[in-house]
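As structure tokens, the structure follows; a few thoughts come after it.
The values are calculated or read from the model by the stated rules, or taken from the named source; none is laboratory data. Just so you know, these numbers come straight off a predicted model, no measurement behind them. When we count neighbours, we look across all protein chains shown, and the Cβ atoms used for this are built from the backbone with ideal geometry, even at glycine.
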Amino acid sequence: MLLVGVLGLLVGSFLNVCIYRIPKKESIVWPGSHCQQCGSAVKAYDNIPVISYLLLRGRCRSCQARISPRYPLIELLTALIGLSLLAAYGPTLTALIYFIFCCALLVVTFIDLDYMIIPDAISLGGIVVGLALVYFLPLSYKDAIIGLALGGGGLLAVFYAYYFATGREGMGGGDVKLLGMMGVFIGWRGVLFTIFVASLVGSVIGLIWIAIKGKDMKAALPFGPFLALGAYVYLLFGDRLIEIYFNWLGPTL
């Protein structure tokens, strides 16, 4: 658990780089970490996840510019994701693959929150990677292909149905590709679960956001983060929650 926690923090530091640079179409490898204000290179001893942020009190050592608290937050989230998957799947290759999958979802979440886009490099690239790794996951290639078709095709149908009914786009094409990628990793059952959870949580958060901001019902809200949350919940508790749901619903059918 200690090893996974430390690895998660280190990976989270790299995810911060991806979140910042991918939308700007910059290399995630070169140059190294540097202050966004003064451009000073970040020394190795100032690049320790979470700890360096606390020691520097959230400021750049060179220019004293404030560093967003989101950086250590993402590092901690990545570590917690790694630990939760370790608890759910044990020290297995499956856990490692799902950790990589969830890291991609974490990057998508914050990019979508910042820019209202989901990069094709992650969603389409994830489909290719996922299809190559299905053999090591607890689902069949049939489930993965159906999940891809249901995730991408099903949401695409909803996309066009909403557009023709209202004349407005209810979601972006990036959401369609993202759900298709999810279908490869979690299968068609996971796709249905993810859509249900994302729609439920998104509706509640959306109504609260509209009430606080004073927006109308046409206000745009990124859907990618809710899809990512639904997929993550499915990985940890999906089968159990589905069983509880049908056990509760069964007597009424």
Task: Evaluation of Gln64 against (1) over 14 Å from the mean Cα position of the chain (by Cα); (2) in contact (Cβ under 8 Å) with a residue 12 or more places away in the chain (one fails), failing number - done: (2)
TODO: Just name the residue that is surrounded by the fewest Cβ atoms within 10 Å (Cβ to Cβ) out of those in the range 1-29 that are assigned to a loop (DSSP other than H, G, I, E, B) and modelled with pLDDT of 90 or more.
DONE: Lys25
TODO: State whether one or more residues within the range 22-36 are touching a residue at least 12 places away in the same chain (Cβ under 8 Å), farther than 28 Å from Ile122 by Cβ, out of contact with any helix residue (DSSP H, G or I) (no Cβ under 9 Å at 6 or more places or on another chain) and outside the structural domain of Ala121 (by TED's automatic domain parsing).
DONE: no
Open item on the list: Here is a list: Leu124, Leu105, Leu156, Leu150. Which entry is more than 24 Å from Leu86 (Cβ to Cβ) and in contact with a Phe, Trp or Tyr (Cβ under 8 Å, 6 or more places away or on another chain)?
Closed with: Leu150
Task: Answer residue from the range 179-211, given it is surrounded by 18 or more Cβ atoms within 10 Å (Cβ to Cβ) and aromatic (Phe, Trp, Tyr) and is nearest to Ile127 (Cα to Cα) among those - done: Phe185
Open item on the list: I'd like to check something: does the range 49-66 contain any residue that is in contact with a Leu (Cβ under 8 Å, 6 or more places away or on another chain) and surrounded by 15 or more Cβ atoms within 10 Å (Cβ to Cβ)?
Closed with: yes
